[in-house]
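Throughout, read-outs are computed from the coordinates displayed, never taken from laboratory work. Treat the numbers as computed from the prediction; the structure is a model and nothing was measured. Cβ coordinates were reconstructed from backbone atoms using ideal geometry, including for glycine residues, and neighbour counts include every protein chain displayed.
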Amino acid sequence: MASCFTPSIPSAKDRFATVFVASVFLASVFGAFGALCGMAEEPAVPVAAAASFSGARAMAHLEAIVAIGPRVSGSEGMRKQREMVVDHFRAAGATVTPQRFQIRDRKSGKGVAMENIVIGWHPDRQERILLGAHYDTRPFPDRDRDDPRGTFVGANDGASGVALLMELAGAMPGLEGPVGVDFVLFDGEEYVFGPRDPYFLGSTHFARQYAAGRKAGETTWSYRAGLVLDMVADADLTVFQESKSVSWPETRPVVDEVWDVARRMGVRQFIARPGYEVEDDHVPLRNLGKIPTADIIDFNYPAWHTTRDTAAACSGESLEAVGSVVLQWLREQR
Ligand code: ZN
């Protein structure tokens, strides 16, 4: 994740985290009880809808990605990760298409090979949803006061969105309804060594290619909406609405839908008010690609861009909270 303009709101965190654990537990107990006895009031969305997204499995994916080490664009770690995720999504039944491009390293002047990965489900469906996550990691933990040139493994900022999508893959072949889904893993979100280096290389390339294809009439299918998933595994998760996503007229309905799903499912980590304004991959997708894309991000993360952004700061419960909401939102597309 790139940057943020508004100070975060830490005060609500502890309160909501505690309430959530209790509420999920109660919801599961009463959901199961109600189903057995047939006497509980029918919730708007069955709680069981969340059951097919496993936070434990998503967390295992996150740990496997982090175990590779740093995954900077063009590096050996990135290559290893690419191999792992491509195998995973192919085995799950997706159509996996690389989108390769080159950038020039601003310091060395050398070319750096970049590759977005498009993971398609139900390719015959002409109206589609984009779920995006960056899969590169920042070269250095430059906000780490003690070790700004140390090792950065990006467990939350990098691996979390990928891990969530890896787990979500299991539910995609059975997704009914009119919309197809593309997971897009973006390279070069933060190939950033200094303050003047550009962000969002992968999502910018993807958005331009998509817009050009639409304009030329070569791309016949279209994206109805998109979500960018970034920093979604913080063990102390609070997902406020992101201000740009709220303020753009075409992404506001996407935000409203997602937070409404969370409210109906009792997923209290989603807090239905703006909490921060963030520069992320949703900006080029919306501005250049004209894809109405909202950013789902917990920016209240003290380990951001430090050596402490490790699996220990993340949790499967948090991945499950976000993953189950995203899955239910997909299932409600009409
Ligand atoms: Zn970042």
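Among residues of the range 133-155 that are closer than 23 Å to Glu115 by Cβ and within 9 Å of the ligand (Cβ to nearest atom), those with a beta-carbon under 6 Å from a residue that is not in a loop (DSSP other than H, G, I, E, B) and not β-branched (Val, Ile, Thr) at least six positions away or on a different chain give the pairs His134/Phe186; Thr137/Gly158.
In the range 189-216, the residues that are within 13 Å of Gly132 (Cα to Cα) reach residues that are surrounded by fewer than 22 Cβ atoms within 10 Å (Cβ to Cβ) and among the hydrophobic types (A, V, I, L, M, F, W, C) with C-beta atoms within less than 6 angstrom, at least six apart or across chains, in these pairs: Ala207/Leu288. Under the condition of being closer than 17 Å to Asn156 by Cα and within 16 Å of the ligand (Cβ to nearest atom), the residues counted in the range 272-315 number 22.
Between Ser318, Ser245, Ser324, Ser222, the distinction of being more than 16 Å from the ligand (Cβ to nearest atom), touching a Leu at 6+ places or on another chain (Cβ under 6 Å) and of a type in the set (S, T, N, Q) belongs to Ser318 only.
Inspect all residues belonging to the range 162-170 and state whether any of them is surrounded by fewer than 21 Cβ atoms within 10 Å (Cβ to Cβ), without any contact (Cβ under 8 Å) to a residue 12 or more places away in the chain, away from the ligand (no atom under 12 Å from the Cβ) and outside any loop (DSSP other than H, G, I, E, B). The answer is no, given that none of the residues of the range 162-170 is surrounded by fewer than 21 Cβ atoms within 10 Å (Cβ to Cβ), without any contact (Cβ under 8 Å) to a residue 12 or more places away in the chain, away from the ligand (no atom under 12 Å from the Cβ) and outside any loop (DSSP other than H, G, I, E, B). Restricting the range 182-193 to residues that are within 14 Å of the chain's Cα centre (by Cα) and surrounded by 24 or more Cβ atoms within 10 Å (Cβ to Cβ), the residue that is nearest to the ligand (Cβ to nearest atom) is Glu189.
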